[in-house]
Amino acid sequence: MFLAAALLTAPLTALAQLSIEITGAGANRIPVAIADFGGDSANGQALALVVRADLERSGLFRLVDPSGLPSGEASTPPYADWKSRGADALVGGTVAPAGGRYETRFRLYDVQKQAQLGGQAYGHAAGQVRLIAHRVSDYIYEKLTGEPGIFSTRIAYVVKSNGRYELQVADADGNNAQTALASREPIISPSWSPDGSKLAYVSFEAKKPVIYVHDLTSGRRHVAANFKGSNSAPAWSPDGRRLAVVLTKDGNSQLYLVGADGSGVTRLASSPGIDTEPQFSPDGQWIYFTSDRGGSPQIYRIGTSGGNAQRITFDGPYNVTPRPSPDGKSMAYISRSDGSFQLTVMDLATKQTQILTDSAKDESPSYAPNSRMILYATEVGGRGVLAAVSADGRVKQKLSVQAADVREPAWGPFTK
Amino acid sequence: MRKSIPALFAAFSAAMMLAACSSQPPAPEQGPATVSDGTSSSTTTAPVTASGLDPYSLAALKDPKSAVYKRSVFFDYDQYVIKDEFKPLVEAHAQLLVKNPKVKMLIQGNADERGSREYNLALGQKRADAVKKALMLLGATEAQIESVSLGEEKPRCTESNEACWAQNRRGDMLYTGEF
């Protein structure tokens with residue numbers, strides 16, 4: 001376990017590197033052996049380390065020590081030896097130079113059945129070993145759990161340090177952090193476009209909240225909403241064409257729809273108080289939001305084309321920040337009880353709820369695109385950190401940056 | 001709703017007393033600023049000091065003894081109702097705006113750090129709007145006042161305790177040049 005944490009803090013480019021500490025794991029973990037990849041041994045070892053860390057961090061796998069057994073791809077690995085070490089699955093592969101580039105190949109073996117489960121080959125540049133390792137992890141994860149892996153996805157978050165705010169984007173394991181926007185004024189509410197190419201967010205750089213849409217590859221951005229008053233809480237429609245936003249141009253904080261290019265603003269709902277934090281359901285039919293229309297902040301939903309709002313939360317005086325899961329089955333949100341603000345999930349079919357944390361200042365939940373993990377902001381020792389918990393509450397991780405506050409996480413979509 | 005000027009002066013002293021025991025940080029101690037009687041000098045130019053002027057002028061904003069010196073209205077947790085103790089302060093600023101129709105004000109609403117950032121942004125907006133509405137009921141015009149929210153993003157006090165949070169649940173009335 002500590003191997004993974006040490007590996008992930010290995011120095012890279014960004015100064016404010018996220019480090020991940022695993023604090024809990026699933027009950028039934030699949031024992032898997034990831035042998036060092038053969039061929040170019042430095043790259044092969046580096047790749048295997050990343051794959052091991054990925055699988056371990058998911059909480060669904062137990063790593064079996066591969067030392068002393070043959071590495072590389074083989075038509076028939078020594079199944080009996082792997083079985084005696086307790087491995088149910090084995091990965092063997094190579095990273096080999098190929099015409100100025102590299103080729104990475106691997107196979108996944110079922111040790112119990114003594115059979116190959118499949119394999120992949122990738123051509124890539126020398127600097128793409130981590131990227132390829134995450135692809136390998138995604139393949140293994142999907143073959144062994146039946147669900148898509150999220151190791152190749154990215155996360156966005158805001159780092160506050162010395163009065164400076166940075167909107168950063170990193171790989172899901174916290175590596176390769178890059179700053180998309182740096183500002184002396186606050187940045188909040190980053191939201192990924194469904195294709196993962198853009199972030200919408202709220203920046204206070206104009207001394208008031210204004211919504212921008214920022215293309216990550218080009219670094220170009222445009223104003224999506226800058227009306228009189230406050231412009232905040234952007235959320236993308238599943239087709240990526242519209243944003244649900246909160247504007248105060250007509251008075252209270254109210255819900256509107258606006259084109260992602262900033263065109264054609266229309267009002268979505270009306271209430272005499274606060275409506276905020278809109279979020280589309282994955283099928284695009286509903287918008288979940290927070291409102292104090294009933295006297296305290298609670299979660300409601302309304303049809304995307306209008307209609308009456310339905311109240312979703314009833315327990316407790318404060319339920320905010322609804323985040324429907326990408327599979328549409330659950331909703332993560334923050335509930336307050338006894339003065340503590342905690343990450344909670346609701347099964348949308350049964351309305352059963354479960355508090356997932358024992359912390360007191362949870363905020364901003366964000367589902368992984370496979371709905372398996374939830375990333376959120378919390379506070380440890382007076383400092384803002386990110387944490388992730390599996391949707392069943394068993395697997396827990398903490399992601400922190402030294403001497404800085406990290407907040408406002410948003411987990412990006414699957415990469416194509 | 002409109003109050004007479006004498007009523008406002010009565011309210012003014014009450015406001016100062018209440019403000020003194022509110023959780024607001026104390027105003028800097030300072031004597032009356034060079035109030036010359038104008039006789040000890042050969043020149044007859046009267047010093048332009050706040051205390052000698054119209055209590056609802058822009059100059060009065062900088063006079064710690066003036067009714068418009070304080071700018072902050074404090075709110076209860078998760079609330080955006082102006083408490084009685086802050087009504088005299090709001091009335092004084094309304095008078096200033098009424099008497100100086102060209103003067104513009106920016107109201108910044110704030111919230112404490114607990115709970116959702118976006119909800120707190122909305123809460124700060126409701127607080128700023130509550131102050132704006134009160135000022136307009138007292139005669140200030142829509143064109144004079146803009147209300148914005150800073151949510152929990154610009155805390156005046158950064159510790160995690162109730163005394164600090166109370167400081168941050170606030171609407172600040174700022175005039176041109178102050179924001």
Just name the residue that is nearest to the chain's Cα centre (by Cα) out of those in the range A:56-94 that are acidic (Asp, Glu) and closer than 23 Å to A:Asn43 by Cα. A:Glu56
What residue, among those in the range A:229-240 that are closer than 28 Å to A:Pro369 by Cβ and within 14 Å of another protein chain (Cβ to nearest Cβ), is surrounded by the fewest Cβ atoms within 10 Å (Cβ to Cβ)? A:Ala235
Residues (more than 13 Å from chain A (Cβ to nearest Cβ), of a type outside the set (Lys, Arg) and in contact with a helix residue (DSSP H, G or I) (Cβ under 8 Å, 6 or more places away or on another chain)) located in the range B:155-177: B:Cys157, B:Gly171, B:Met173, B:Tyr175
Just to be sure I understand, how many residues within the range B:120-179 are surrounded by fewer than 15 Cβ atoms within 10 Å (Cβ to Cβ), of a type in the set (Phe, Trp, Tyr) and either touching an Asp or Glu at 6+ places or on another chain (Cβ under 8 Å) or closer than 15 Å to B:Tyr77 by Cα (or both)? 0
Filter the range B:119-133 for residues that are facing another protein chain (nearest Cβ under 8 Å) and closer than 24 Å to A:Tyr288 by Cα and give the result. B:Tyr119, B:Leu121, B:Ala122, B:Leu123, B:Gln125, B:Lys126
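Table: residues versus (1) over 17 Å from A:Pro297 (Cβ atoms); (2) of a type in the set (S, T, N, Q); (3) more than 11 Å from chain A (Cβ to nearest Cβ).
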site: B:Gln108; (1), (2), (3): yes, yes, no
site: B:Arg117; (1), (2), (3): no, no, no
site: B:Ala143; (1), (2), (3): yes, no, yes
site: B:Glu153; (1), (2), (3): yes, no, no
Scanning for something acidic (Asp, Glu), crowded, with 22+ Cβ neighbours inside 10 Å and modelled with pLDDT under 95, does the range A:65-73 turn up at least one residue? no
Among the residues of the range A:157-180, the number that are hydrophobic (A, V, I, L, M, F, W, C), farther than 15 Å from A:Ser366 by Cβ and assigned to a strand (DSSP E or B) is 2
Can you tell me which residue is farthest from the other protein chains (Cβ to nearest Cβ) among those in the range A:241-282 that are over 14 Å from A:Ala224 (Cβ atoms), among the small types (Gly, Ala, Ser) and surrounded by fewer than 22 Cβ atoms within 10 Å (Cβ to Cβ)? A:Ser281
For the range A:34-49, give me the residue count where each residue is closer than 14 Å to A:Ser137 by Cβ and not β-branched (Val, Ile, Thr). 5
Restricting the range A:114-151 to residues that are under 18 Å from the mean Cα position of the chain (by Cα) and of a type in the set (Lys, Arg), which is surrounded by the fewest Cβ atoms within 10 Å (Cβ to Cβ)? A:Arg130
For the range A:177-204, how many residues meet the condition of being over 15 Å from the mean Cα position of the chain (by Cα) and within 14 Å of chain B (Cβ to nearest Cβ)? 11
Exactly one condition in (1) within 11 Å of chain A (Cβ to nearest Cβ); (2) more than 30 Å from A:Ser340 (Cβ to Cβ); (3) at pLDDT 95 or above is not met by B:Val98; state its number. (1)
State the number of residues belonging to the range B:157-179 that are within 17 Å of the chain's Cα centre (by Cα) and at pLDDT 95 or above. 10
Of all strands (runs of 3 or more DSSP E) fully inside the range A:304-416, the set with 1 or more residues that are away from chain B (no Cβ under 14 Å) and hydrophobic (A, V, I, L, M, F, W, C) is A:306-311, A:330-337, A:340-347, A:353-355, A:373-380, A:383-390, A:396-400, A:405-411
Filter pass, A:Thr248 being over 15 Å from B:Gly151 (Cβ atoms) and either among the basic types (Lys, Arg) or free of Cβ contacts under 8 Å to residues at least 60 places away in the same chain (or both): no
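The values are calculated or read from the model by the stated rules, or taken from the named source; none is laboratory data. What you are looking at is a predicted structure, and each value in this text was computed from that prediction instead of being measured. Cβ coordinates were reconstructed from backbone atoms using ideal geometry, including for glycine residues, and neighbour counts include every protein chain displayed.
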